[in-house]
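The values are calculated or read from the model by the stated rules, or taken from the named source; none is laboratory data. Worth saying up front: this structure is predicted, and the values here are computed from it rather than measured. Here the Cβ positions follow ideal geometry from the backbone for every residue, glycine too, while neighbour counts run over all protein chains shown.
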Amino acid sequence: MTEMTTKLSKLIQLVDEFDNFGKLDRDMSLFSVAIGTLRKDKSLVADIIKTTDDSSDGLGAIVLSRILTEDYLHLLFLNANQDDLIENIENFNLHPHIENYSSLQAMKEWGFDFSKEDEAERIINESSTAFEANKARFLRRKAKEGTFNADDYYRTWTKLSLNDLIKNTGLADTDEGRHSLKFMTETYDNASTIVHHNSLAIWLLASQGDKIFSDEYPELALTVSRIVFSQIIKLALEIAEPKIGEEKLAEYTTRLADIL
């Protein structure tokens, strides 16, 4: 195990101990979002460690590291906008109704027939009711009566593009924040070329083979993971302070610093 993977493994252990191995209470507040983000990202980091062994070119690990960056920006956005926290948490909890309804409508257009499935009919009715109750909250442009177009609704609960999301995190307000933001967005964009059917990346793979991916990719993925995951943990600890108290916050913050 390399020095970097050892640090990441210790960060995973720290999250497990802090969250009492998934047993902390959840009340669908900012605290719950922070804990859920921690647990999601700890699993991603564990997978990144596994996909950066000697036999890996690091391609999959780079892709996974992109998710860590996006999770950090979203959690930072929630915490940085305390005046709008109640509305943002409601959007976070209610937007899945838009996503579920959009998915069902797409499946119908693709030719799926749900008419003979009683359970499917129940789910569709519940999804339709929830969509109707919450669609106005996420309407992006005027929808035509009697029709459904997924593009009429915001595709994310923040209702913001990535650039606007970053502007609302406060990350660009300090020299330190701008420096970390530059690193994160560069590696995020790098990963995005792999996530999407990017023509340049595919052309390079087709014409030059695997040699375009050097030995630095696994190390880069691990570096991104260490930096961003540790920032997520630090932010989650700060969010949790009212619940865990100053003494516990100081203890975990010190342990985090020792690992890094």
ask   = Got a sec? Which of THR69, THR129, THR147 is polar (S, T, N, Q) and in the same structural domain as GLU219 (by TED's automatic domain parsing)?
value = THR69
task = Could you tell me which of the residues LEU260, LEU237, LEU204, LEU181 is surrounded by 15 or more Cβ atoms within 10 Å (Cβ to Cβ) and either at positive phi or touching a residue at least 40 places away in the same chain (Cβ under 8 Å) (or both)?
result = LEU237
key: Residues satisfying the stated conditions in the stretch 202-225, i.e. of a type outside the set (A, V, I, L, M, F, W, C), modelled with pLDDT of 85 or more and either over 18 Å from THR51 (Cα atoms) or in contact with a helix residue (DSSP H, G or I) (Cβ under 6 Å, 6 or more places away or on another chain) (or both)   = SER225
inquiry  = within 26 Å of ILE86 (Cα to Cα) and free of Cβ contacts under 8 Å to residues at least 24 places away in the same chain: is that true of ALA150 in this structure?
reply    = no
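Every residue, every condition in (1) at pLDDT 90 or above; (2) hydroxyl-bearing (Ser, Thr, Tyr); (3) outside any helix (DSSP H, G or I), yes or no:
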{"site": "MET4", "(1), (2), (3)": "no, no, no"}
{"site": "VAL15", "(1), (2), (3)": "no, no, no"}
{"site": "THR37", "(1), (2), (3)": "yes, yes, no"}
{"site": "LYS40", "(1), (2), (3)": "yes, no, no"}
{"site": "SER43", "(1), (2), (3)": "yes, yes, no"}
{"site": "ILE48", "(1), (2), (3)": "yes, no, no"}
{"site": "SER56", "(1), (2), (3)": "no, yes, yes"}
{"site": "SER65", "(1), (2), (3)": "yes, yes, no"}
{"site": "ASP71", "(1), (2), (3)": "yes, no, no"}
